[in-house]
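Here is the structure we will look at, set down as structure tokens.
Every read-out reported here was derived from the displayed coordinates using simple, explicitly stated rules and does not represent laboratory data. If you're wondering where the values come from, they're calculated on a predicted model, not measured in any experiment. Positions of Cβ are backbone-derived with ideal geometry, glycine not excepted, and every protein chain shown enters the neighbour counts.
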Amino acid sequence: MLDKEKSILIVDDTMMMREGLRRVLASMGYENTVQAEHGKQALNIIESGKHDIGAVFLDIVMPVMDGKQTLKKIRETNKDLPVIMVTSKADKDSIVECSKLGMSSYVLKPINVTAGILEEIFIRL
């Protein structure tokens, strides 16, 4: 189970998606969140060590550095950090590629909290 004391890093180029996910997580008791607009910003947050990151929600399609590149960079230094890929379409090739890169799980946008998908993911982490 994901530790509620740790921070969750939300990485998405759309502020509305970041804020929406932040609210969903807060409603589940996960109050500690940090946000990034793209992969390079996310890597800077992780590498800074200022936040005790317990999991990352990482959008696949973003400018500057996309989710696949970011996942690859995260896995070069941290094999254990849970990374949940977020995508707006169920593109089998992207999911397979992210799986090979070491993603922990994935969710489709919009995230349907009533389906309990986040709870299921957090139980497995």
Please list 22-32, 90-100, 51-61 highest first by mean number of surrounding beta-carbon atoms within 10 Å per residue.
-> 51-61, 22-32, 90-100
If you place +1 on the Cβ of every Lys and Arg, -1 on the Cβ of every Asp and Glu, and leave all else neutral, what size is the dipole of the chain about its Cα centre, to the nearest 20 Debye?
-> 160 debye
Of the listed pairs 68/100; 6/100; 4/40, which have alpha-carbon separations greater than 22 Å here?
-> 6/100; 4/40
The chain -> Rg/Rh from Cα coords, Kirkwood Rh, value 0.91
Which one of 108, 95, 35 is farthest out on the positive end of the charge dipole of the stretch 7-124, using unit charges on Cβ (Lys, Arg +1; Asp, Glu -1) and the Cα centre as origin?
-> 95
